[in-house]
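Asker: Please read through the structure below; I'll follow up with questions.
The values are calculated or read from the model by the stated rules, or taken from the named source; none is laboratory data. Quantities reported herein were computed from a predicted structural model and do not represent experimental measurements. Cβ: placed from backbone, ideal geometry, glycine included. Neighbour counts: every protein chain shown.
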Amino acid sequence: MFVLDYFLTLLSNYEKMIKNVLAVQKGIVRIKRPVDEVFHWIADYTKDRLWCAEVKEMKYITPDPIGVGSRCLEVSQVLGKRLVTRTEVTEYVTNEKVVCKS
């Protein structure tokens, strides 16, 4: 039971941290690159560690190409704790959106 309580507390703290970070980062960013180039860079979750400080490692555990059903394994350092999560792409529309669940 202790492990479950600890995990739920860690998850709750992580969610609060993410909400605070997202609230600060709202705004418009203009990128002078073609849409397809930017989309493919953002949709490649292995690049998360380049712009998200807590992500230490991100790798796909399914073969290319990236699309619905693609799965990743993420290793993060959150609030001083190592956190390993699996992420799966649930929606993928080229040059429009990529949605995932973790």
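Asker: Restricting the range 77-97 to residues that are touching a residue at least 60 places away in the same chain (Cβ under 8 Å), at negative phi and out of contact with any strand residue (DSSP E or B) (no Cβ under 8 Å at 6 or more places or on another chain), which is surrounded by the most Cβ atoms within 10 Å (Cβ to Cβ)?
Answerer: Filtering the range 77-97 for residues that are touching a residue at least 60 places away in the same chain (Cβ under 8 Å), at negative phi and out of contact with any strand residue (DSSP E or B) (no Cβ under 8 Å at 6 or more places or on another chain), the one surrounded by the most Cβ atoms within 10 Å (Cβ to Cβ) comes out as 78.
Asker: Which of the residues belonging to the range 32-76 are of a type in the set (D, E, K, R) and assigned to a helix (DSSP H, G or I)? So that I can check it myself, show each step before the final result.
Answerer: We begin by selecting, within the range 32-76, every residue of a type in the set (D, E, K, R); these are 32-33, 36-37, 44, 47-49, 54, 56-57, 59, 64, 71, 74.
Matches in the range 32-76: 36, 37, 47, 48, 49.
Asker: Can you confirm whether residue 53 is within 19 Å of the chain's Cα centre (by Cα), farther than 24 Å from residue 91 by Cα and modelled with pLDDT of 80 or more?
Answerer: Details: within 19 Å of the chain's Cα centre (by Cα): yes; farther than 24 Å from residue 91 by Cα: yes; modelled with pLDDT of 80 or more: yes.
Criteria met by residue 53.
Asker: Is at least one residue of the range 77-87 in a loop (DSSP other than H, G, I, E, B) and either at pLDDT 90 or above or touching a helix residue (DSSP H, G or I) at 6+ places or on another chain (Cβ under 9 Å) (or both)? Before you say what the answer is, go through the steps one by one.
Answerer: As a first pass, look at the range 77-87 and keep what is in a loop (DSSP other than H, G, I, E, B): 79-80.
Now restrict to residues that are either at pLDDT 90 or above or touching a helix residue (DSSP H, G or I) at 6+ places or on another chain (Cβ under 9 Å) (or both): 79.
Among the residues of the range 77-87, at least one is in a loop (DSSP other than H, G, I, E, B) and either at pLDDT 90 or above or touching a helix residue (DSSP H, G or I) at 6+ places or on another chain (Cβ under 9 Å) (or both), which makes the answer yes.
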